[in-house]
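Input: a single structure, listed below in structure tokens.
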Amino acid sequence: MEELIAILEGIRPDVNFREETELVDAGILDSFDIVTIVSDLNDHFNIAIRVTELKPENFNSATAIYNMCLALKEGK
Amino acid sequence: MIRVEDIKLIENIFDQHKGKKIFTNSFYFLDQFLAVINENRLFIIQVNQNTVLLELKPEINCYELFYFIEDLNDAFPVESNLPIVMEIPYRGLDFYPETIVDYWCNSGFNKHINRDLYSLNLVKYDALDSSVNGLEIKITNDLNDSKVIFELLINTFDRYTGDILSIEDVQESIKSQNVLGAYFQNELVGFIRFYTKGKVSWIGHIATSPKFAGKGIGKSLVSSYIKFQSDAGYVNFQHWVMSDNIPALKLYNHFGFQKINKSSISLIKK
């Protein structure tokens with residue numbers, strides 16, 4: 001999780017990823033941010049985020065993003 | 001160019017490039033893809049290892065291009081009867097996407113507009129002093145003002161990347177009380193249109209009549225906008241600014257807006 005937080009803070013240092021739980025729903029992250037986040041997550045965690053994963057609920061919090069990455073790593 | 005009829009085609013694009021280093025500017029969520037597909041506005045072109053999606057934008061009579069480029073040695077000859085525009089997001093000057101910008105310039109596109117995102121967090125609200133003699137700033141309620149606002153919009157903002165609104169959209173904004181007008185002797189001489197996404201208040205458009213340029217109207221509008229939205233409980237303010245718009249940058253700097261880690265460059269082929 002710390003690795004993920006570091007990646008996210010590198011992309012948007014102005015956002016408190018440790019506490020925010022409505023990153024997309026509250027308009028803090030938008031789909032513009034998602035391009036960079038998806039690219040960095042794919043590279044760093046050696047996963048392939050699919051279009052079916054590109055849902056706001058998967059990016060609403062660091063925990064949600066982490067769980068999505070974990071599931072992909074485990075091949076689910 | 002083939003029309004995309006099913007999300008499976010998009011899934012196939014993602015699968016095709018799985019595990020490979022690709023350049024992409026595709027920033028739609030799944031529901032956004034589905035909406036465009038359902039409206040029959042999404043098209044695909046594939047050339048060897050590279051894929052392009054074109055979204056038809058009938059309101060501005062052009063295509064918006066989303067790319068998935070795996071092979072930079074394979075130029076992409078996109079042709080169409082309409083202009084094609086693309087936006088490439090990047091996170092600040094250190095990450096300017098030179099490689100992919102060069103790729104598209106070699107494929108017949110030209111650099112268009114560079115924009116940066118500015119943000120303001122108001123820890124506490126202080127009264128802002130930006131009054132101009134004889135100027136009244138108030139929420140625009142008169143639908144007749146939509147014509148003036150629409151004219152200012154189309155004369156101030158870029159047609160392809162400026163989120164130009166139709167006059168009906170302007171009227172909807174007025175009805176939603178999302179427009180502050182600057183009135184000088186009862187004449188509308190400027191406006192600021194704003195909206196909110198969750199906790200964030202955004203400036204959509206701000207413009208001043210050319211004959212009143214340089215008279216502090218922009219400062220008065222931004223001041224009133226921040227006060228209005230602060231009173232409504234908003235503490236985070238964001239908006240996009242063209243990188244070379246020095247007067248705008250000075251204006252927003254006055255209020256403490258700061259550039260954050262988010263920029264974009266648009267390219268166009270006409």
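Some observations on this one:
- The largest-to-smallest principal axis extents of the Cα set in the protein assembly as shown are 64, 48, 35 Å.
- Anchor B:LYS18: lysines whose Cα lies under 19 Å away (excluding residues fewer than 8 positions away in-chain): A:LYS55, A:LYS73, A:LYS76, B:LYS8
- Label-to-label distance for B:LYS270 and A:SER31 is 2.7 nm, based on points extended 7 Å past Cα in the beta-carbon direction.
- Spin-label model distance (nm) - B:SER243 vs B:LYS147, 7 Å beyond Cα toward Cβ: 4.0
- Comparing mean-square fluctuations of A:LEU54, A:LEU41, A:LEU29 from a GNM of chain A with C-alpha springs under 10 Å, the top value falls on A:LEU54.
- Cα-only Debye scattering, chain A: base-10 log of I(q)/I(0) at q = 0.18, 0.21 Å⁻¹: -0.63, -0.89
- Spatial separation of Cα centroids for segment A:21-66 and segment B:231-253, in angstrom: 26
- Whole-Å semi-axes of the ellipsoid equivalent to segment B:227-270 (Cα gyration tensor, √5λ, descending): 26, 14, 10
- Per-pair calculated FRET efficiency, R0 = 25 Å: B:LEU82 and B:LYS111 via Cβ, rounded to 0.05: 0.80
- Projected over every direction and averaged, the convex hull enclosing the alpha-carbon atoms of segment B:199-253 yields 4.0 nm².
- Gyration tensor verdict on segment B:1-154 (Cα atoms; rounded if a/c is under 1.5, prolate if a/b is larger than b/c, oblate otherwise): prolate
- Signed unit charges on C-beta, dipole axis of segment A:3-72, positive-most listed residue A:PHE59, A:ALA48, A:LEU4: A:ALA48
- Helical segments meeting 20 Å axial Cα length and Kyte-Doolittle -0.5 threshold in chain B (DSSP H): B:217-231
- Straightening the chain between B:ALA232 and B:GLU39 buys 65.9 nm, computed as 0.36 nm per residue apart minus the Cα-Cα spacing.
- With every protein chain in place, the protein assembly as shown: carbon and sulfur % of accessible area (1.4 Å): 47
- In terms of its alpha-carbon gyration tensor, segment B:10-88 comes out oblate; a/c meets the 1.5 threshold, while b/c is at least as large as a/b.
- In terms of its C-alpha gyration tensor, segment B:75-195 has an oblate overall shape, because the principal axis ratio a/c (a ≥ b ≥ c, square roots of the eigenvalues) is not below 1.5 and a/b does not outweigh b/c.
- Cβ-Cβ FRET estimate between B:ASN133 and B:ASN178, R0 fixed at 30 Å, reported to 0.05: 0.65
- Rg/Rg_globular for chain B, with Rg_globular taken as 2.2 N^0.38 Å and Rg from C-alpha atoms: 1.12
- Within straight-line cross-link reach of B:LYS111, lysines at Cα separation under 17 Å, skipping those fewer than 8 residues along the same chain: B:LYS269, B:LYS270
- Per residue accessible area of the protein assembly as shown, 1.4 Å probe, in Å²: 49
- For chain A, there are no membrane-span-like helices by this rule, meaning no whole DSSP H stretch whose C-alpha atoms cover at least 18 Å of axis and whose Kyte-Doolittle mean is 1.6 or above; this says nothing about an actual membrane.
- Reach of B:LYS211 by Cα under 18 Å, taken over lysines that are not fewer than 8 positions away in the same chain: B:LYS147, B:LYS219
The values are calculated or read from the model by the stated rules, or taken from the named source; none is laboratory data. Here the structure is a predicted model, which is why all the values come from computation and not from measurement. Every residue, glycine as well, gets a Cβ built from its backbone with ideal geometry; the counts of neighbours run over all protein chains shown. The area values use the complete protein model at the heavy-atom level, side chains included, leaving out ligands, DNA and RNA. Shrake-Rupley method; radii C 1.70, N 1.55, O 1.52, S 1.80 Å.
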